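Below is one structure, written out as structure tokens; comments come after it.
The values are calculated or read from the model by the stated rules, or taken from the named source; none is laboratory data. This one's a predicted model, so the numbers in the text were calculated from it and none came from an experiment. All Cβ positions, glycine included, derive from the backbone under ideal geometry; neighbour counts span all protein chains shown.
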Amino acid sequence: MEDNKEQLNQTKSNDKIDNFTVSSKEASLNSKRTITVSLPSFSLKKKLQNPKFRLFYTIIAIIILAGASGFLGSYLQNKGQNTYGQIGVGLSNQEKIVTSQSKLISAIAKEVGPSVVSVNVSIKATGSGSGSNPLSGFGFFGFSQPQQEQAAGTGIILTTNGLILTNRHVVPVGTTKVSVTLSNGVQLNNVKVIGRTPQASSLDVAFLQIENLEGQKLKPAVIGNSSTVQIGQTVVAIGNALGQFHNTVTSGIISGFGRNVQASSSICGSGSTITNSSLCSTENLTDLIQTDAAINEGNSGGPLVNMNGQVIGINTAIAGGAQNIGFVIPINDVTGLINQVLKTGKFSVPYLGIRYIPLTADVAYEYKLKVINGAFIAPSANSSLPSVIPNSPAANAGLKVGDIITAVNGTKINQNNSLTGLLYQYTPGDRVQLTVLRNSVYSKINVQLGAEPNN
């Protein structure tokens with residue numbers, strides 16, 4: 001009993017009593033009284049000195065660590081599966097997008113194809129090609145078989161009664177016979193050339209008329225708006241590739257705007273004996289759209305269409321020695337002529353009478369100009385080729401060398417709207433107002449357009 005009492009006293013003496021002060025909410029609000037509570041302290045160090053307690057806590061720690069490891073492994077595994085699942089979903093969505101685009105292009109080909117014809121031409125030439133010649137510089141898509149007075153290109157049906165749009169170089173001066181092959185394989189032989197732009201014109205277009213449809217029903221193409229196209233926009237080209245494979249369909253994107261090139265026919269390279277100047281002439285083409293859609297000889301005059309199946313351009317030239325660099329006339333440059341032909345059955349090209357340089361940032365820097373958009377009437381290095389042609393509408397209106405035309409009837413000249421394209425929306429005899437920058441001062445000049453001379 002004495003031993004037990006002594007042990008109890010020892011335990012009491014070893015246990016310390018600490019005082020904790022706890023303030024109740026009520027006391028704090030009213031009388032700020034405090035409640036004092038005595039609690040026994042707990043010494044973990046003493047407990048761990050006991051082997052039984054050390055073993056117990058070790059087992060608990062192992063159990064906790066094992067559980068945490070399992071949870072972490074399961075989390076990482078699930079995260080990995082989710083990541084791979086997301087990649088799989090991404091690839092699946094991408095495949096769906098590609099498949100949808102392929103179906104769209106196929107649908108466009110079916111929709112636009114019936115509005116495209118192959119144009120077959122017989123040309124009176126004073127010589128014959130000695131063989132196929134490689135393209136030099138920029139060449140037309142028109143294709144001519146060697147040692148034959150035959151050529152082939154592509155055309156776009158504009159009306160149900162047989163009006164067709166194509167390139168001037170597809171049906172050049174000297175053309176004696178024209179026939180067209182429809183998308184269903186039917187060939188129509190009674191076709192005449194309504195007219196073509198002058199050889200000196202930078203707009204390479206011509207109009208054909210099928211005079212006998214032979215009961216065939218034609219589907220006109222839908223004309224779009226080339227001023228709304230954007231770089232990177234997906235487009236589809238349709239044409240008579242190599243003069244043999246009609247309605248060949250390829251796709252690509254818009255690569256650039258406002259391209260200026262010098263183009264010549266592919267049958268007039270080194271070794272050719274053709275001397276017909278209309279076949280072997282070189283043309284300066286301006287304000288072209290650049291595309292990487294795969295196009296070949298024979299595609300001249302064919303449509304470049306957007307994803308709505310609307311014609312936004314006319315395939316015209318390719319870059320020789322390069323891959324997938326094609327040039328297209330913006331359809332807006334031709335809408336004025338189309339409307340003129342639809343109204344009158346013939347056309348003449350509106351004429352201003354200047355030689356100009358389309359402005360770019362590089363041109364503006366070279367000539368130290370303050371604007372980068374417009375048509376710059378630059379000084380001519382050749383006195384026989386004046387920048388402002390005497391007795392022309394431009395000369396009569398008072399345009400001078402050094403002037404920069406920045407707008408036509410309020411529409412600004414830029415990469416989507418060239419001076420040529422804007423003027424070709426009008427007809428000879430129309431009056432237009434030009435916005436002109438001269439000596440850092442803007443002014444308005446009214447001009448009555450004339451008819452472009454053949455020379």
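Could you list, in sequence order, all residues of the stretch 376-404 that are assigned to a strand (DSSP E or B) and either over 36 Å from the mean Cα position of the chain (by Cα) or free of Cβ contacts under 8 Å to residues at least 40 places away in the same chain (or both)?
Within the stretch 376-404, the subset assigned to a strand (DSSP E or B) is 376, 388, 404.
Within the stretch 376-404, F376, V388 qualify.
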task = Return the total of residues in the stretch 368-402 being of a type in the set (G, A, S) and either surrounded by fewer than 10 Cβ atoms within 10 Å (Cβ to Cβ) or at positive phi (or both).
result = 6
request  = May I ask you to list the residues in the stretch 131-185 that are modelled with pLDDT under 80, in a loop (DSSP other than H, G, I, E, B) and among the hydrophobic types (A, V, I, L, M, F, W, C)?
outcome  = L135, F141
task = Mind telling me which of the residues S270, S278, S255, S201 ends up being surrounded by fewer than 21 Cβ atoms within 10 Å (Cβ to Cβ), at pLDDT below 95, of a type outside the set (A, V, I, L, M) and part of a strand (DSSP E or B)?
result = S255
Failed item in (1) in a loop (DSSP other than H, G, I, E, B); (2) aliphatic (A, V, I, L, M); (3) under 30 Å from the mean Cα position of the chain (by Cα); (4) closer than 28 Å to P172 by Cβ, with I372 passing the rest = (4)
note = N373 vs (1) more than 24 Å from T197 (Cα to Cα); (2) free of Cβ contacts under 8 Å to residues at least 40 places away in the same chain; (3) touching a strand residue (DSSP E or B) at 6+ places or on another chain (Cβ under 8 Å): all pass except (2)
request  = Just need a number here: residues in the stretch 293-333 that are surrounded by fewer than 24 Cβ atoms within 10 Å (Cβ to Cβ), assigned to a loop (DSSP other than H, G, I, E, B) and modelled with pLDDT of 90 or more.
outcome  = 4
remark   = When every residue in the stretch 159-181 that is surrounded by 22 or more Cβ atoms within 10 Å (Cβ to Cβ) and in contact with a helix residue (DSSP H, G or I) (Cβ under 8 Å, 6 or more places away or on another chain) is compared, the one nearest to D333 (Cα to Cα) is L165
note = How many residues of the stretch 194-244 are of a type in the set (A, V, I, L, M) and within 18 Å of M307 (Cα to Cα)? The answer is 9
